[in-house]
Amino acid sequence: MIHNNDPKGPSPHDDTKVGPRLSSIRLRVGLTQSDIARTVAVSRQHISNIETGMTSPTVQVLQDYLQACGTDLAEFFYGPLPINQTRRQREYHSKLQALLENDTTSPTVTKVLDAFMTSMQSSLTALVQPIRVQARHARHKREDGSLDQAS
């Protein structure tokens with residue numbers, strides 16, 4: 001694990017794109033897409049599709065990819081652990097790491113994370129919905145600009 005003096009650490013949400021973040025990690029450790037593909041046992045094209053955002057990795061592929069780069073899921077999603085953690089933060093991170101490494105709970109955690117990533121991807125494609133909602137509200141406006149009470 002990388003440690004950081006900042007108590008909050010870098011925000012993992014600064015870059016919401018999984019693919020570019022993975023590519024950046026891979027390049028920092030000096031690996032090619034082919035190197036990762038061999039380690040993860042998928043095609044180089046699949047790695048390319050993940051890094052360009054054409055597809056999302058399963059949790060297992062993500063976990064293997066990160067392991068090949070010398071990091072793990074907890075650090076990828078939550079950033080480096082701060083050095084000056086509170087007792088509660090240390091307990092939380094220990095429990096999270098234990099869940100991710102436990103063979104009994106790992107399949108369940110994997111399913112939850114896969115569902116989460118799928119829902120995040122779905123929500124990104126649903127960004128056009130506000131336009132439809134705005135159009136619906138516009139149809140219900142009266143001529144004087146106020147909203148129709150029936151809407």
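Within segment 9-24, none of the residues are at pLDDT 95 or above, part of a loop (DSSP other than H, G, I, E, B) and open to solvent by less than 70 Å² (accessible area, probe 1.4 Å).
Here's a check for you: in segment 47-57, which residue that is surrounded by fewer than 18 Cβ atoms within 10 Å (Cβ to Cβ) and in contact with a helix residue (DSSP H, G or I) (Cβ under 7 Å, 6 or more places away or on another chain) is nearest to Ser119 (Cα to Cα)? Lay out the reasoning, then the answer.
Of the residues in segment 47-57, the ones surrounded by fewer than 18 Cβ atoms within 10 Å (Cβ to Cβ) are 48-49, 52-56.
Those left that are additionally in contact with a helix residue (DSSP H, G or I) (Cβ under 7 Å, 6 or more places away or on another chain): 48, 52-53, 55-56.
Working: Ser48: 22, Thr52: 19, Gly53: 15, Thr55: 14, Ser56: 11 Å.
Among those residues, the one meeting the criterion is Ser56.
Table: residues versus (1) within 16 Å of Ile25 (Cα to Cα); (2) open to solvent by less than 50 Å² (accessible area, probe 1.4 Å).
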site	(1), (2)
Val59	no, yes
Gly70	yes, no
Thr86	no, no
Tyr92	no, no
Glu101	no, no
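For the criterion of being open to solvent by less than 60 Å² (accessible area, probe 1.4 Å), on the phi > 0 side of the Ramachandran plot and not polar (S, T, N, Q), Gly79 passes.
The values are calculated or read from the model by the stated rules, or taken from the named source; none is laboratory data. Everything quoted here is computed from the prediction, not taken from an experiment. Cβ coordinates were reconstructed from backbone atoms using ideal geometry, including for glycine residues, and neighbour counts include every protein chain displayed. Each accessible area value is taken on the protein alone, full model and side chains, heavy atoms only, with ligands, DNA and RNA left out. Shrake-Rupley method; radii C 1.70, N 1.55, O 1.52, S 1.80 Å.
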